Amino acid sequence: MSIIFSDSDVFLHQSLATIKNQIATLNINSDLKNSINDNLKQIKQLILFQQHKLSLLSKHNVLGLISWNPDFEITDWDDTASDIFGYTKQEAIGCHAAELLVPETVRKQVNQIIAALVKQEEGVHSINENLTKSGKIITCKWYNLPIQDLEGNVIGVIAAVEDITASKEMEIALNRSEARFKKLVANVPGVIYQFSLEPNGTMSFPYISDACEELFEIEAEEVLQNGSLLIDAVHPEDRNDFLKSVAVSAQTLERWDWEGRMKAYTGELKWVRGISRPELLDSGAIIWDGLLIDVSERRKIQSTLEQTQAELESKVTERTAHLQQEIYERKAVEIALTESEANFRSIVENANDIIYSFSPDGLLTYLSPKFTDMLGYEIEEFIGKSFAPLVHPEDLLTCQNFFNLVAQTGKKQAGLQIRLIHKNGSYVWVTSNASPVLNAEGEVITFQGITRDITSTKQTEAALRESEAQLRSSTRELQETLDSLKRTQSQLVQTEKMSSLGQLVAGVAHEINNPVNFIYGNLRYAQAYTQDLLNILALYNKHYPKPNIEIQNQAEAIDLDFIQDDLPKLYTSMQVGANRIREIVTSLRTFSRLDEAECKEANIHEGIDSTLMILEHRLKAKQNRPEITVIKEYGNLPLVECYAGQLNQVFMNLIANAIDALEEEIKNRNLQSFTPCIRIRTEISTSNQLIITIADNGTGIPEKVKRLLFDPFYTTKPVGKGTGMGLSISYQIITERHNGSLKCISAPDHGAEFIITIPINANS
């Protein structure tokens, strides 16, 4: 192997030869000459050894060796320096070091560093931007050492230079990758974890994100120390299913996907979904890398999902001064970068959401594999293109405003809900969040975020709204049916009561009628017989004025003269009583109308009169009120086709209510100044309609009460005095049975007037 000597080496050898010649000419003793020659020989050997050593380092080192004089002119240049900068030794020797190797932008600063080197004894190292022969800017690490003569004067500088451009770029790429990874992981809604199952059955968590505290209220450090804390947090009813799912995934090495309840430290139950993929290690252990997501809100169908953040940090040690340490660190950086990217890809590929990033001008720069599953497009179709064509036109403005807010605030935003267009033309509802990535100046250089499919949730919400609407409609119809059923039931009960009452009244009238007719029919004969006896008694008194003493005593005892005078009066009173009983019986039979259950012609006035006869006891004067006067203004009516019994029921309800109103009015007025009155008027309208008006001069009816008069079960009477069904049933009888109308005209202190209108003929 040949040794290459620099100009300084040749100068050094020449200097040693000159010294040797000068010693030979000196007049000194031979011992001293021999001693000096031996020292020179040792120096020469030492120099030769150092030259060999320097040559070896120069041939097998990544460091380039360069030297220059105090005027910054390059005096030495090795092959490694040529490899780094592209200049040959012949091109470099004699050139100004800074002008040759330093860009114009930093040349002034480097000249200052070089100038400072020639003024100090110790070396320095620095990292600078340098210029190659091709004009490429590279990053180099310099180790500079001043060269001094025997008097301590700096006669030059020797420097070792290393091209660290690749490692610098790798370091920058690693930092960017870690920053991107942290941002993307921060948007993952859940706990990132690594779960380990050893061959002996031991379970542990080698890694779990800090979001564990938010989800389970347990610090991540506690879980790392004792993995059973999370295992024990699984709800007892779901624990067997959880362990079974882990065992199946461990046996098949297929994706683990489990959902169940877990109890937080405070006792709160949360629905959690876990997703991960297992990996079998050479040691026999199985590792799951995945996510735990709180799906409680989805389980409850309530507005939005909480998202958790996790960080995954990797530390890189500083480079040492030794070359081997530098190489080690470079490899460590490469390994860390590879592992970081692998972890990132694993998390992204296992995520059920689209992880994305795009530039400030809206061009997509990254899409996770879920993009294809969710929207049907290939990722390559949209990388480098705008995301706008994916957004529903109606939601585009909302989307733009959302990302404008992210850019303006420089903070993470969440809760965007929009529709994306599937490749097949359908729409997918999604929710999205996004975070800005800022440069050193605080400017947004990219947006990163996560998009989740909420189509099923939206469909569930829509179905729920539709179901609620249908339920409200069904409830309303059911309520209407129930009200109708109640009215019908009450009407049936009332009808049955009236029917029973009619049968009772008819039965009583029939039973009374027979003996009354017997009595009434015999009174005439009894009166004639009695009169005959009185005539004979008068003849006895005429022809036998002085009867015997026994007859005289008996005549005085019974007051015969009074009997003769009062007996005709007694028979007359009995005749009047019998007539009155016959009239009452006739009214009861007329009111009951048992023989008129079907629609047939009837005398309306007879029905009204029979009702008044039944209510006569309420019309008469009482101790606390005067008599209620009934004014009849009957028109000339023909027979009317109707349900007479039901009409009588209406007359009974209206007249009875009028009496109640008058009695209430009497309580509030001076008896001397108020004359209670009920006016009943009948007439035929121009349209051949029968009009029946029943009016009173009582208290009147307020407007708010009048609107509810004909509603079922509505009453203003005290409990036990009214059912709230009288007017409701009357309204149904008039409107539904007779195709007529029932109206009320009233105002407070002006009485009440009920107007019944029905057709004369049922078919008209």
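The values are calculated or read from the model by the stated rules, or taken from the named source; none is laboratory data. Bear in mind the structure is a predicted one, so any value in this text is a computation, not a measurement. Ideal geometry is used to build each Cβ from the backbone, glycine not excepted, and the neighbour counts take in all protein chains shown.
The one condition from (1) under 28 Å from E91 (Cβ atoms); (2) surrounded by fewer than 17 Cβ atoms within 10 Å (Cβ to Cβ); (3) of a type in the set (S, T, Y) that T202 does not meet is (1). Remark: I192 falls outside the filter, which requires a residue to be assigned to a loop (DSSP other than H, G, I, E, B), within 31 Å of the chain's Cα centre (by Cα) and modelled with pLDDT of 80 or more.
Quick test for you: out of L390, L416, L405, pick the one residue that is surrounded by fewer than 19 Cβ atoms within 10 Å (Cβ to Cβ), under 17 Å from A434 (Cβ atoms), modelled with pLDDT of 85 or more and assigned by TED's automatic domain parsing to the domain that holds G449. L405 is the lone residue from the list that is surrounded by fewer than 19 Cβ atoms within 10 Å (Cβ to Cβ), under 17 Å from A434 (Cβ atoms), modelled with pLDDT of 85 or more and assigned by TED's automatic domain parsing to the domain that holds G449. The set of residues in region 592-611 being modelled with pLDDT of 50 or more and closer than 9 Å to N648 by Cβ consists of S592, G607, I608, S610, T611. Among (1) farther than 22 Å from I729 by Cβ; (2) in contact (Cβ under 8 Å) with a residue 60 or more places away in the chain, there is one condition E627 misses while meeting the rest; what is its number? (2) is the only condition that E627 fails. Of all residues in region 742-758, those that are of a type in the set (F, W, Y) and touching a Phe, Trp or Tyr at 6+ places or on another chain (Cβ under 7 Å) total 0. Restricting attention to region 73-92, the residues that are buried (at least 20 other Cβ atoms within 10 Å of the Cβ) and either of a type in the set (F, W, Y) or within 60 Å of the chain's Cα centre (by Cα) (or both) add up to 2. Contact map, region 448-463: residues that are closer than 28 Å to K183 by Cβ paired with residues that are modelled with pLDDT of 80 or more and charged (D, E, K, R), Cβ distance under 7 Å, separation 6+ or inter-chain. Pairs shown: I450/D353; T451/D353; R452/D353.
Only residues that are surrounded by fewer than 16 Cβ atoms within 10 Å (Cβ to Cβ) and either in a helix (DSSP H, G or I) or of a type outside the set (A, V, I, L, M, F, W, C) (or both) were counted across region 432-448, and they come to 4.
Taking the listed residues G227, G290, G260, the one that is under 29 Å from K458 (Cβ atoms), without any contact (Cβ under 8 Å) to a residue 40 or more places away in the chain and in contact with a strand residue (DSSP E or B) (Cβ under 9 Å, 6 or more places away or on another chain) is G260, with no other qualifying.
From the list R737, R679, the one residue that fits, being surrounded by 14 or more Cβ atoms within 10 Å (Cβ to Cβ) and modelled with pLDDT of 85 or more, is R679. Taken over region 215-248, the criterion of being at pLDDT below 85 and aromatic (F, W, Y) is satisfied by F216 alone. T451 fulfils the conditions (1) hydroxyl-bearing (S, T, Y); (2) at pLDDT below 85; (3) surrounded by 14 or more Cβ atoms within 10 Å (Cβ to Cβ) except for a single criterion, (2). For E311, the test of being of a type in the set (D, E, K, R), more than 28 Å from L416 (Cα to Cα) and either over 26 Å from the mean Cα position of the chain (by Cα) or at pLDDT 90 or above (or both) is failed.
This table checks each residue for (1) more than 23 Å from I355 (Cβ to Cβ); (2) in contact (Cβ under 8 Å) with a residue 12 or more places away in the chain; (3) not assigned by TED's automatic domain parsing to the domain that holds D294.
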position	(1), (2), (3)
E171	yes, yes, yes
S177	no, yes, yes
R180	no, yes, yes
M203	yes, yes, no
P206	yes, yes, no
F216	yes, yes, no
L253	yes, yes, no
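Within region 556-582, being of a type in the set (G, A, S) and at pLDDT 75 or above holds for one residue alone: A557.
Looking at A658, A644, which is the one that is in the same structural domain as L742 (by TED's automatic domain parsing) and modelled with pLDDT of 85 or more? Criteria check complete, one pass: A658.
Before we move on, is G123 modelled with pLDDT of 85 or more and surrounded by fewer than 17 Cβ atoms within 10 Å (Cβ to Cβ)? When the stated conditions are applied, G123 does not pass them.
K136 - would you say it is among the basic types (K, R) and touching a residue at least 12 places away in the same chain (Cβ under 8 Å)? Against the criterion (among the basic types (K, R) and touching a residue at least 12 places away in the same chain (Cβ under 8 Å)), K136 does not qualify.
When G425 is tested against (1) within 25 Å of S177 (Cα to Cα); (2) not in a helix (DSSP H, G or I), exactly one condition is not met: (1).
With respect to the conditions (1) surrounded by 15 or more Cβ atoms within 10 Å (Cβ to Cβ); (2) in contact with a Gly (Cβ under 6 Å, 6 or more places away or on another chain), A233 falls short on a single one, namely (2).
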